[in-house]
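Heads up, the thing below is written out as structure tokens.
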Amino acid sequence: MRFPLLARSFVVLSLVVLLLVPLQMIRGVIDERAARRTAAIAEVASTWATAQTLVGPVVVVPFRVERKESWVDPAASPGSPHGGLVRERTRVGVEQATFLPDTLRIEGRLVPERRWRGIFEVVVYRTELAVSGTIPAPDLGPLGVPPEDVHWKDAFLSVGLSDTRGIREEVRLLWDGAPAAFRPGPGAACLAPSGIHAPLPGLQASGALSHRFAFTVSLQGTEALAVTPLGASTEAVLRSPWPSPSFFGAFLPDRRTVTAEGFDAGWKVSSFGRSYPQRWRGDRGAPGDAVAKSAFGVRLFLPADAYQQATRALKYAILCVGLTFLAFALFETFGGLRLHPLQYLFVGFALVLFYLLLVSLSEHVGFGVAYLAGASATTSLVSAYCAWVLVVKARAVVMAGALAALYGYLFVLLRLEDYALLLGSVALFALLAALMLATRRVDWWSVGGPARPPRSFPPPKPATSP
């Protein structure tokens, strides 16, 4: 071959591309294990309770409505140009008017528990939510409902919950200081598909301008708890001894304290921060899915998510393989060695198996210990192989140091999530600069091939006689 260095470079690049196949297979293994963990969480939630979202409370007042409908009676007048006689009829139905609280305060303390489904860890919790506030006396006049059409005796207070299986004790309501009992189901025209409701038959008779409510619900759920800001002014306070909270939703806490002993977070949300009104009738002005979009809360986050970390590490696999192959190629080129492509593949497979070791070990001993064990095993295997293949043991020591530095650098990248891109870019630029500086005087056309003849100059012209 006329250009042996180019030929070897092409072979090495082909081997790197070939190793993409097992790397993709390992990515599939990681995805499959992550899916099994998700299924384990769902299985635990199916017997405990799913993530909970509290919607409410709201006051619902039914009222009578009359609708006029026109219809054609074809049998009444066959000669009519419309094919029949146009008649009118009145249908009587019932709709609901919904009223949201003026003030709403929700306070709770989440007590976490760790459960296991096989080798997968799941976080569940117990909590007691103390809900209190005020709600205005329902006025259906601005909604266009005549007073005689209102069914005050059928009014009720509705509270929505994502999973009512998590209610552990009977819930008692204090309405204007008087006790009332909740019943199963959220009631008609509610904001959630499941929940509880309490009848308010004496709502109109009280004559109060506003009503006070308070109740405490004992809940259990899985991983996350969310509430909705239905009050014109909503305050929420959530505490827990869990040290790794993840706040989510439409609003972040106004204040939060996170320590190794737990967290304490508080929200203050105004009705101006959401898109639905404080009252509506039937479907006129109903919020639709806007209520669900306005929810906020906290998730008891498991920071050592081995599958997420392994997926991030796998993104740097080509970098690890490419740099290792580059070191082998430099040893081969400048050390007078002849390495077979199969030897490159053996080293490449050892580097690829590191990620499989990382995933399998992290399911049992944690990500940090699994990373240390996998990196140590891979570095030892490749170094021992290099001690024989590269002939000189000093080269094997150099390869061991390079692999140790590479795995250490990768571990730092995985830990520094916010600065991973910056650190990776700077390190790669520095590595390329060092490589260019070290090989700036190399004559690449002569490397690995026959020596080029020395540069010749034209012979001097003979002296001419005068």
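Annotations
Residue-by-condition table, conditions (1) closer than 30 Å to Pro241 by Cβ; (2) at pLDDT below 80:
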{"position": "Pro277", "(1), (2)": "no, no"}
{"position": "Arg284", "(1), (2)": "no, yes"}
{"position": "Phe296", "(1), (2)": "yes, no"}
{"position": "Leu302", "(1), (2)": "yes, yes"}
{"position": "Asp305", "(1), (2)": "yes, yes"}
{"position": "Ile318", "(1), (2)": "no, no"}
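- Selection of first residues in region 145-160 that are outside any strand (DSSP E or B) and of second residues that are surrounded by fewer than 17 Cβ atoms within 10 Å (Cβ to Cβ) and β-branched (Val, Ile, Thr), restricted to Cβ pairs under 9 Å at least 6 apart or on distinct chains, gives the following pairs, ordered by first then second residue: Val145/Val65; Asp149/Val65; His151/Val94; Asp154/Val94.
- Scanning region 118-171 for residues that are surrounded by fewer than 19 Cβ atoms within 10 Å (Cβ to Cβ), modelled with pLDDT of 90 or more and small (Gly, Ala, Ser) returns Ala130, Ser132.
- Hits in region 200-229 - residues which are surrounded by fewer than 18 Cβ atoms within 10 Å (Cβ to Cβ) and farther than 28 Å from Pro112 by Cα: Pro201, Gly202, Gln204, Ala205, Ser206, Gly207, Ala208, Leu209, Ser210, Arg212
- Of the residues making up region 234-272, just one is among the small types (Gly, Ala, Ser), more than 27 Å from Val291 (Cβ to Cβ) and loosely packed, with under 15 Cβ neighbours inside 10 Å, namely Ala260.
- Criterion: part of a helix (DSSP H, G or I) and surrounded by fewer than 19 Cβ atoms within 10 Å (Cβ to Cβ) - qualifying residue of Val397, Val391, Val359: Val397
- Selection within region 267-286 - assigned to a strand (DSSP E or B) and more than 22 Å from the chain's Cα centre (by Cα): Lys268, Val269, Ser270, Arg279, Trp280, Arg281, Arg284
- Filter result for Ala180 (part of a strand (DSSP E or B), at pLDDT 90 or above and surrounded by 15 or more Cβ atoms within 10 Å (Cβ to Cβ)): no
- Any pair with Cβ under 6 angstrom, 6 or more apart, that starts in region 228-253 at a residue that is in contact (Cβ under 8 Å) with a residue 24 or more places away in the chain and ends at one that is in a loop (DSSP other than H, G, I, E, B) and aliphatic (A, V, I, L, M): Thr228/Ala295; Leu230/Leu100; Gly249/Ala295
- Qualifying residue in region 352-360 (condition: under 24 Å from Val29 (Cβ atoms) and more than 32 Å from the chain's Cα centre (by Cα)): no
- Subset tally (residues that are of a type in the set (Gly, Ala, Ser), within 14 Å of Leu54 (Cβ to Cβ) and not in a strand (DSSP E or B)) for region 198-255: 1
The values are calculated or read from the model by the stated rules, or taken from the named source; none is laboratory data. Not measured: the values here are computed from a predicted model. Because the Cβ atoms are built from the backbone with ideal geometry, glycine has one as well, and the counts that use them run over all protein chains shown.
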